Each structure stands twice: as C-alpha cells, then as structure tokens.
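Student: Please find one structure pasted underneath; my questions will follow.
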Amino acid sequence: MASDPTCMIEECDTVVYARGWCHRHYTRWRIHGDPAADYRRVRKPCNIADCEQLATARGWCPKHYERWKKHGDPLYTRPVTCCIEDCERPRKSKQGWCSMHWKRWKRNGDAEYQRPVICIIPDCENPVSGRGWCKMHYHRWERNGDPTLTMVDTRPAVERFRSKVQPGAGNVCWPWDGPTQRNGYGTLRVEGKYRRAHRYAYELAYGPVPDGYTIDHTCHDPEQCEGGVDCPHRRCCNPAHLKAVPPGHNNTKGRCVSRKARRRTASGGTLSPQATQRSLQLAAGRAADASQCLRTRGT
C-alpha cells in the first residue's frame, strides 16, 4: 500500500494538505505569499536599562508596562515611607500613606487631619471627648443627632413662667400649663432649683412670702371641690386667687370633712348641715393644735 505524499518543502515530512504543501506551509503561502518564509515573531528584551525580561508591549516588559498604565511612568517605584511630610512610618496604602494617615483619611476625609484640642462648637472651651466635641455636645449628638440642640429652656424664669400660664378675662383661674408634681401643684425651675408655680406667681405680684406662711388658693371651695391631686385649683396662678396664710389655714380647708363623714359620703349617704358644721369645727381645732405645736417647737 502506497504511503501518503509528504510536503514538498525540504526537511518537512508532514502530510500534504493542499498545493503539495502541508497545512503550516500552505497557511504561510496564503498570508505572506511564500510557503518557505519564516515569519515567526521575535521578542526583544525590555527597553528599560538593566531589565532582562522580554518586551510585550511598547518595548517594555509586563512589569514596566503595567507601571506606565497605572502611574504614567514605566520607571515608577513605590515609596518606602509615608508620603506625608515629616512622617517616617512605613508605607501601607496605595495612596502612599502610612496606616495612621490612611485611617485619618478614611474617618475624616483628610490624611493630614489633626484632632482639635478643644471643642469645635463656637464659644465652647471644654476639652475634646469624641468627634471633635466635648462630652456635653457629644452626648447631645448621641441623644438628638445634633450637638448644638439643647432640651433645657435657657430663657429667664419670668418668660418661661408667662409662657406656661394662660391668663383669662375677669376673676377666673389662670391654669398652669407646664409640668406638675405628684401632688398636683405646678413646678418651675428658678435659679437651678424647682419651685411651685403658684408660689412663684405670688412672689412676682406681691413680693417674698413671709417666713412660716404658705400660699392658699382662695378660688378653692371645699363644698364644691373635693380637693386632692386632681384639684384644678392647685394649678391656678392668678395672683388675685393667692393669699399668704399660716400653715393651719390650709389644713383646715384640706380637712373640712372628717374621715367618718367621707366614708359615709362614699357609701352613698348624705350629710346634714349640723354634721358638716361639726366636721369643720373638728378640723379647725386640729389645725389650731398643730399650729400651736409648731410654735412651741420653734421657741
């Protein structure tokens, strides 16, 4: 059996593909016009001095070519120390900074950021605690999202008092529209201390309260209002309804009805005028005894 013909090119024993040539020589003829020509690409060494690697693009090796693509210079070398002036720490980031300056850039947007010594809030000279603020402004930012927001009303006490009182026309009560104590009386912060609103209203109108005296609400009627924490007259700040009285006077009005009479009223019974008068007399007597006891202890 005859063997397949081989390529007519000398020293080529490959089987003929077309025109008497093998596939390789036939392709060379189609591309270059000469099947015997050797057009293999010859790689030259890198153009950079002292570089023994072969060139791949623009006459440079892959290493110098990538440096040119990233930095615009095939001879670019990464610095050993931080690029910030007067910083000798080793370089850790692509930007040329050390770890300290890189963290400053990540947190504050500036690699040369310097932490302030005092609070950055105007007119505040307290030392810095966090984010450039002192402890007070930092806690305000934590609670409210704004370091300058304050929940304390810094207006004078007189203005704050007037903003919480609703004056009315005629001889009517002026109800307190601010915070109240557990006993129902209004409260107001004056010179760093909390005071009762109706007592402060009396002092604004008539001056200081005499020593040992209390403020009585003349608008409170024991026969129409049971008193207690829910009594609306305790929030009244109308100076015309306020009167400085001895301690026993308020006790008399507060205990106008005896315990037995109160229990009878709560059970659905009614009180006769004589029983009501008797209860008032007993309460007045107890108040007088309490006042006398206080005077004796004072002496």
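Student: Which of (1) touching a Leu at 6+ places or on another chain (Cβ under 6 Å); (2) not in a helix (DSSP H, G or I) is the odd one out, the single condition residue 200 does not satisfy?
Tutor: Evaluating residue 200 over (1) touching a Leu at 6+ places or on another chain (Cβ under 6 Å); (2) not in a helix (DSSP H, G or I) leaves (2) as the failure.
Student: Hey, does the stretch 200-220 have a residue that's touching a residue at least 12 places away in the same chain (Cβ under 8 Å), more than 23 Å from residue 249 (Cβ to Cβ) and exposed (fewer than 14 other Cβ atoms within 10 Å of the Cβ)? Working first, answer last.
Tutor: Here is the first cut: in the stretch 200-220, the ones touching a residue at least 12 places away in the same chain (Cβ under 8 Å) are 200-202, 204-206, 209-210, 212-220.
In the following step, the residues that additionally are more than 23 Å from residue 249 (Cβ to Cβ) were identified as none.
Checked the stretch 200-220: no residue is touching a residue at least 12 places away in the same chain (Cβ under 8 Å), more than 23 Å from residue 249 (Cβ to Cβ) and exposed (fewer than 14 other Cβ atoms within 10 Å of the Cβ).
Student: Have a look at 41, 28 and point out the one that is surrounded by 16 or more Cβ atoms within 10 Å (Cβ to Cβ) and at pLDDT below 90. Let's see the steps before the verdict.
Tutor: Values: 41 fails: surrounded by 16 or more Cβ atoms within 10 Å (Cβ to Cβ).
Unique residue meeting the criteria: 28.
Student: Sort through 98, 87, 119, 124 and tell me the only one that's farther than 30 Å from residue 49 by Cα and in contact with a strand residue (DSSP E or B) (Cβ under 6 Å, 6 or more places away or on another chain). Walk me through how you get there before you give the answer.
Tutor: Numbers: 98 fails: in contact with a strand residue (DSSP E or B) (Cβ under 6 Å, 6 or more places away or on another chain); 87 fails: in contact with a strand residue (DSSP E or B) (Cβ under 6 Å, 6 or more places away or on another chain); 124 fails: in contact with a strand residue (DSSP E or B) (Cβ under 6 Å, 6 or more places away or on another chain).
One residue alone meets the criteria, 119.
Student: Continuing with this model, one more query. Would you pick out the residues in the stretch 136-170 that are in a loop (DSSP other than H, G, I, E, B), out of contact with any strand residue (DSSP E or B) (no Cβ under 8 Å at 6 or more places or on another chain) and closer than 16 Å to residue 198 by Cβ?
Tutor: Listed by number, the residues that qualify are 167, 168.
The values are calculated or read from the model by the stated rules, or taken from the named source; none is laboratory data. On a predicted model such as this, the values are computed, not experimentally measured, just so you know. Backbone-built Cβ (ideal geometry, glycine too); neighbour counts: all protein chains shown.
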